Each structure stands twice: as structure tokens, then as C-alpha cells.
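Values quoted throughout were computed directly from the atomic coordinates according to the rules given, and no laboratory measurement underlies them. Worth saying up front: this structure is predicted, and the values here are computed from it rather than measured. We place every Cβ from the backbone using ideal geometry, glycine too, and count neighbours over all the protein chains shown.
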Amino acid sequence: MSITVYTSGLYFIPTPIGNLEDITIRALRLFSAADIIACEDTRVTGQLLKQYKITPKQLVKCHEHNEKSISVELCKAVQQGKIVCYCSDAGMPLMSDPGHILLQTAIEYKIVYTVLPGPSALLPALAMSGFSTESFTFLGFPPHKKGRKTFIDSLESYLNTIILYESPHRLLSLLEDLSTHKTLKNRKLYIVREISKKFEQGYFGLPIECLEILTSQGIKGEFVVVLSDCF
């Protein structure tokens, strides 16, 4: 098998969401070849690179506070023949994660870019739910405050499987909203936390049942909430 020689371009690289063994060989080779690795948090990505004995040539921050300014610098580096990689702290960049401004800048500058396949909480949660995978809607994180009620009410218009991300601080609030909603209270849920980690755990039930279980157990970890389809 021949080893790929990577050429100048911008590479969006998914990173493990829990188990570090979920990193791909291609991702590791690109990290090793990169002239610049841009990431959401240099401490988090630095630990991942250290685990695989990769010493970055240049490791820079690219997050919500500086993404607009540094995106131009990164795209210009690609124009100069550099290999630039971007990753968020965990999972697939651009999917409820930073990276959109960088990608839009890449399109504007007409540089070569690609997104590698790899780890994401979305599809494992959907597959584990046992609900229909023929048609589904991913809506990311519900609004924190403004627009939250409107968002919850809008969910009943989706008859297919729905996938949400939610933080541990707001999960019980989400379940309370679902359990008191006139129609959503009857839709079965699959809730999974800590996907790919040692304490991965899933819960099935109606919103009120899941609320009771998780209230008694305590809320820890990152959660994916899957609502069953109506077909």
C-alpha cells in the first residue's frame, strides 16, 4: 500500500469525542504533514498530538473570538503552498462546532479544501436509538433562553426522527419541556451520554420517564437526545 503524499490545502479533521483510538490513520498522517494546525483549544489538541507523538510545526488557536481574522491568514498560507489542518476540541468541525467562518473564507479565496470523515456523536446516537434512519433531522443545540419555547414547539412539526445535542446543565430543563408538551410528551426518546467513553450509557423512555431516571441518577457528561419518528 502506497503512502499518500499530501499537497497544499485546507483540511478539516474530525477528532475523537471520547476514545482516542477513534482517530483515523489519515488524520494522524495529515497532522504530521501539516505546516500549520489550527484548533479550537491548543491545550486540548496538544494533548491529542502528544498521545500520538506528533510534534506540530505550528499550532495556533482558531475559535469563535478570533476565527474571522485568523481565517484570512490561514487561507493565505494555503495560497503560499502550505498544508493547513483545522480541528475542533472533539468531533466533526462545522457540526455544532466552530469552523464555518474558516470554510466560508476558503470558498471566498478559492483555495482547495476538504472535510475528512470521522468521529461524531450524531450518527452513533441515531444508530443506537433503533428509531428510523430513513429520514432524520439534526437540530444541534436548542437555544439557551431566547427562542427556546418557540424551538420546542417547532419540534412537533417534524414527523421524522429528531436528533438534538444538549449540555448537562440544561438537559433536565429540556426533558421537562418535552414531558409537558401536548404532543411531544408521547414521543419516545433515546438519550445517550459519553459516547465512546468508559461510562457510555443510554436511556429509553417517554420524556417523563427519562426525566425521572436522570433526576435520580444525576447529570454528568455530554448528551445526545433522539426523538422517535411518528410513522
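Work out the charge dipole of region 9-115 with +1 on the Cβ of Lys and Arg and -1 on the Cβ of Asp and Glu about the Cα centre, then indicate which of G46, G81, I36 is farthest towards its positive end.
Going by the Cα projections, it comes out as G81.
Just want to confirm a number: the relative contact order over region 41-149, from Cα pairs under 8 angstrom separated by 6+ residues, in percent.
The value is 22 percent.
Stokes-Einstein diffusion coefficient for region 133-217 at 4 °C in a medium of 1.567 mPa s, Rh from the Kirkwood formula over Cα pairs: what value in µm²/s?
96 µm²/s
Report the charge-dipole magnitude of region 3-61 in Debye, nearest 20, computed about the Cα centre from +1 at each Lys and Arg Cβ and -1 at each Asp and Glu Cβ.
It comes to approximately 200 debye.
Fewest to most neighbouring Cβ within 10 Å: what's the order for R43, R148? Intermediate results must be reported in sequence, preceding the final value.
Details: R43 9, R148 15.
The most exposed by this proxy come first: R43, R148.
Residues with amide H under 5 Å of F223's amide H, sequence separation 5 or more or different chain, H placed in the peptide plane at 1.01 Å from N; which?
E166
To the nearest µm²/s, what D does Stokes-Einstein give for region 7-84 at 25 °C and 0.890 mPa s, using the Kirkwood radius over alpha carbon pairs as Rh?
Value of D from the Cα-based Kirkwood radius: 190 µm²/s.
Work out from phi, with θ = phi - 60° and the Karplus expression 6.51 cos²θ - 1.76 cosθ + 1.60, the ³J(HN,Hα) of each residue of region 14-22, listed in order in whole Hz, and give x for Gly and Pro.
Residue by residue, region 14-22 yields x, 10, x, 8, x, 7, 5, 6, 7 Hz.
Kindly write out, for region 136-144 in residue order, the coupling ³J(HN,Hα) from the Karplus curve 6.51 cos²θ - 1.76 cosθ + 1.60 (θ = phi - 60°), rounded to whole Hz, with x marking Gly and Pro.
The phi angles translate into 8, 10, 9, 10, x, 8, x, x, 5 Hz.
On a 0 to 90 degree scale, rounded to 10, what angle separates helix 100-109 from the longest Cα axis of the chain?
40 degrees
Can you tell me the Rg and Dmax of region 91-191, counting just the alpha carbons, in angstroms?
That works out to 16.1, 49 Å for Rg and Dmax.
Around R43, under 15 Å between beta carbons, what's the net of Lys plus Arg minus Asp minus Glu among the other residues?
Value of the local net charge: -1.
How many percent of DSSP beta bridges within region 9-115 run antiparallel, rounded to 5? The partial results should precede the final answer.
On the way: 1 of 15 bridges.
Bridges in region 9-115 that DSSP calls antiparallel: roughly 5 percent.
Using the alpha-carbon atoms, what tilt in degrees (0 to 90, nearest 10) does helix 67-79 show relative to the longest principal axis of the chain?
It is inclined by approximately 40 degrees.
Given Cα pairs under 8 Å that are at least 6 residues apart, what percent is the relative contact order of region 168-231?
On the way: 91 pairs, mean separation 26.5, N = 64.
Over region 168-231, the number comes to 41 percent.
Through the Karplus equation 6.51 cos²θ - 1.76 cosθ + 1.60, θ set to phi - 60°, convert the phi angles of region 110-120 into ³J(HN,Hα) values in whole Hz; use x for Gly and Pro.
Coupling constants for region 110-120: 6, 9, 6, 9, 8, 10, 6, x, x, x, 7 Hz.
So how do 167-176, 119-128 stack up, highest first, on mean other-Cβ count within 10 Å?
So the order, starting with the most tightly packed, is 119-128, 167-176.
How are the C-alpha pair distances of the chain spread across 10 Å bins, as whole percents from the shortest bin up?
For the chain, the binned pair fractions read 7, 30, 29, 22, 11, 2 percent.
Let me know the charge dipole size of the chain about its Cα centre in debye, to the nearest 20, where only the beta-carbon of Lys, Arg (+1) and Asp, Glu (-1) is charged.
Working: 24 positive and 23 negative charges, 97 e Å.
Dipole about the Cα centre, nearest 20: 460 debye.
Taking the number of other C-beta atoms within 10 Å as the exposure measure, put I219, I25 in order starting with the fewest. Don't skip to the end; give the middle numbers.
Working: I219 15, I25 8.
By the 10 Å Cβ count, ascending: I25, I219.
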